[in-house]
Amino acid sequence: MSVLIVGSIALDTVKTPVEEHADLLGGSASYAAVGASFFTDVNLVGIVGDDFPKAHIDYFGSRRIDLAGLQIVPGKTFRWSGEYHWDLNTRETRSVDLNVFEHFEPKLPASYANSPYVLLANIAPALQNHVLDQMQKPRFVIADTMDLWINIAKDELLKLLKRVDMLILNDSEARQLTGETSLIKAGGKIRAMGPKYVALKKGEHGCLLFGEDVFFSCGAYPLEDIHDPTGAGDTFAGGLAGYLASSNQAEVTFEQLRKAVVYGSVLASYNVEAFSLERLRGISMPDVEQRYKMFKLMSHFEVIE
Ligand code: AMP
């Protein structure tokens, strides 16, 4: 089964304490679509300007990514720039130029309207709602968000939460949204806002998955070399959604979601090993499966009776 993914497609400039690179392929939908395309066909919905390099479009096309929902319009592509601190866990946004994104109205090709799996990658909640308005009856809808929208579009975000099956957000955003310091309480409070499942990302410390009376904690892959954490969360969401769509069960179960968050974590771990999507370009499914097995070995232990 295919997964519909909507979000930003960007040209990023990223600075870490040791390197800086400009005009990189980025954006929440780019990372998510490439992550999901390891598992299944992706219907990508987004917008770029006429300055967007053809090589990037060709790259999407070389993966299992359908581009009928990609709008290419006169003007400049969305640009974002960020700078990381020494711990590579915290970053400052240096600039955001919305450009063609300012007037973006996601418009679904007719054939996308009945996609069973949907990933609303990080964009304004109003646009995420607008995409759902055009869908028939998706089986499983996942949404990602960020601190900006909790600050400036909370009402629209709360409206969205009533319409999605799963919300993905990071630990500080969960605390911001709920006013809780405990992530366990925050996960429960977010579930009460609408989504049946919540995945809380904790950067290099893994993620927590919440369902009704069920809980799963997934570590992060221990990496020696992290070059650029940009897009880790989006790649995680894409891998998770892609795996769920590829298993195509009548109903998504918690068992499946546990595997999905591990696959998402595997893809995110590869993503941060290089800038932009460079590391994901160089790996294939056997690499993903190998790291998935390592996750299992690293976290398995026997209960002593
Ligand atoms: P992450 O590291 O998961 O927070 O995602 C970083 C990506 O999000 C970058 O490639 C940016 O282009 C994109 N991004 C940054 N700010 C926004 C925004 N306000 N709306 C949509 N995408 C954004």
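The values are calculated or read from the model by the stated rules, or taken from the named source; none is laboratory data. Keep in mind it's a predicted model, so treat the numbers as computed, not measured. A quick note on method: Cβ atoms are made from the backbone with ideal geometry, for glycine too, and the neighbour counts reach across all protein chains shown. With ligands, DNA and RNA removed, areas are computed over all heavy atoms of the protein, side chains included. Shrake-Rupley method; radii C 1.70, N 1.55, O 1.52, S 1.80 Å.
Search segment 82-121 for residues being more than 16 Å from the ligand (Cβ to nearest atom) and surrounded by 17 or more Cβ atoms within 10 Å (Cβ to Cβ), and hand back the single one that is nearest to T40 (Cα to Cα).
Residues of segment 82-121 that are more than 16 Å from the ligand (Cβ to nearest atom), as a first pass: 86, 107-118.
Remaining after also requiring surrounded by 17 or more Cβ atoms within 10 Å (Cβ to Cβ): 108, 112, 115-118.
Numbers: L108: 19, Y112: 15, S115: 13, P116: 13, Y117: 11, V118: 13 Å.
Top of the filtered list is Y117.
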- Among the residues of segment 143-173, how many are open to solvent by less than 50 Å² (accessible area, probe 1.4 Å), assigned to a helix (DSSP H, G or I) and away from the ligand (no atom under 16 Å from the Cβ)? 1
- Of the listed residues (V100, V45, V34), the one being closer than 16 Å to A121 by Cα, at pLDDT 95 or above, among the β-branched types (V, I, T) and in a helix (DSSP H, G or I) is V34
- Message: Quick test for you: out of V303, V252, pick the one residue that is open to solvent by 60 Å² or more (accessible area, probe 1.4 Å) and assigned to a loop (DSSP other than H, G, I, E, B).
- Response: V303
- Message: For segment 255-273, give me each residue that is acidic (D, E) and assigned to a helix (DSSP H, G or I).
- Response: E255
- Message: I'd like the full set of residues that are in a strand (DSSP E or B), crowded, with 20+ Cβ neighbours inside 10 Å and within 16 Å of the ligand (Cβ to nearest atom), limited to segment 48-69.
- Response: V48
- Query: Which condition number does S30 fail, the rest of (1) more than 19 Å from the chain's Cα centre (by Cα); (2) within 11 Å of the ligand (Cβ to nearest atom) being met?
  - Reply: (1)
- Task: Provide a single number: the residues in segment 227-247 that are under 12 Å from G7 (Cβ atoms) and either more than 13 Å from the ligand (Cβ to nearest atom) or surrounded by fewer than 24 Cβ atoms within 10 Å (Cβ to Cβ) (or both).
- Result: 1
- Task: Please work out if L127 is assigned to a helix (DSSP H, G or I), touching a residue at least 60 places away in the same chain (Cβ under 8 Å) and closer than 29 Å to T253 by Cα.
- Result: yes
